[in-house]
1. Quick one: Karplus J couplings for segment 189-195, per residue in order, coefficients 6.51, -1.76, 1.60, θ = phi - 60°, nearest Hz, x for Gly and Pro?
2. How high is the relative contact order of segment 292-332, in percent, counting Cα pairs under 8 Å that sit 6 or more residues apart?
3. Among 210, 154, 267, which comes first, then next, by fewest other beta-carbon atoms within 10 Å?
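Just so it is clear, none of the values below were taken in a lab; they were calculated from the coordinates. These numbers come from a predicted model, not from an experiment. Heads up, the Cβs are rebuilt from the backbone with ideal geometry, glycines too, and the neighbour counts pull from every protein chain shown.
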Amino acid sequence: MKKLSWALLVIIVAIVPTACKKSGVSTPTSPAPAATATFTNVPPCQNPTTGYTCTLTSTSTPSSTATPSATWTRTLTGTPTPTPTATLTRNSTWTNTPTGSNTSTRTLTPMITSTPTVSSTWTQTQTATQTYTPTSCATLPAGVFIQSIAAVYDFDGTVYGIRQAELSVNGVAETTAGITMTGPTQTLPLASGGTTLIPCGGNTGLYGPDVTVWSYQPGQVYTYQATTSGGTVTASVTAPGIISVAADGTQVSWTVEGTADWVQVTDMSNHILWQTPCCDAVSPVMIPSSAYPATGMYYVYAQVENSAPFSGAAAGSTFRMYEYRYSPVQHN
C-alpha cells in the first residue's frame, strides 16, 4: 500500500491514446513535488503546468451534427424574342406584248419571297434552397446522469492525482448533490465546482477537479456515491495499475490488469511511432525495436483502466479509474 500526495495542480483527463481514444495514467512511485514543479517534453494535454482543466469527453461529444445541404433550382425566365431575317429570292417572269412592228416588249416583274428565322434569348437564374437535416445532438438523459473519474498520473516519478464528476438530473445541471469516493482507508467528499457546458446547449454540474491527498491502492475497490435530488446512485471499481517501464523501453508491465489498457511510443515531438492494438493490452507488453527508428530519446506512455456503470442511474453513467505513466527512454 502506498500513500500518494499530489500538488494542487489541474490535470487534463483526455490524452494521446490509441485508436480507441483511451486516456492515460500510471503508478505512484514517489512523493508529490512542490507546487512550482515544471515539466519538459510533456504533451501539452498532459502537462499539469499548462492550466488545463479536466474534461469528461463522454458528456461533451455530440452524437451527431446538423449539416446544411443546398438544393439548386435552375429557372429559365424571359420571353423568346423573334428576330426575323429575310432571304430574298428574285424570280423573273416574262410578258411578251406584241407591237405592230413585230417587236416584243419585255417586262420584268420580280417576285420577292422572305423566309424569316427566329432566335430566342433566355435569361437563366439560380435560386438556392438550403435545407437542414439535423440528427440529435448531445443531450442529457432523463434521471440521474453522472460521469466520474479517479486517476493518478506518474510523470517519470512525479505523481499527481485527480478526482472529478459531472452530474445532471432529468437533463438539468445539479450542483447541490453530495458526492463521495470511498477507498480502503478513507472516504473523500467531492465539492461542487460550478457547471460545465455540453454541445447544443445545456450544462452539467461540475464537481472537482480535486487534487488533494488521497491513497491509491491497485487491487483495492473504490466506490463513488452521489446523493442527488433524483436519488442515490453508486458505482464500484477495482483500481488497476502498478505500471513499470523497462529502462531501455523494450517492455511495459503492470500488476493489476484493467479492461482498457494501452501502451504507446512517440518521438520527442510526440509523433506516434508505435502503439498496442485497440483496445485492451495484456501485461507484459513487449515493444519491438522497430518502435525506435534511430538512436536518441523517446517517450513511452502506458495506461491501465477499469470502469463500471452506476447502479440506479441513467444509461451511460460511468465511473472510470485509471493509472497513467509517462517515461522518457534512451534508445542506443
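1. Per-residue couplings from phi come out as x, 10, 7, 5, x, x, 10 Hz.
2. In percent, rounded to a whole number, it is 54.
3. Going from least to most buried by this count: 267, 210, 154.
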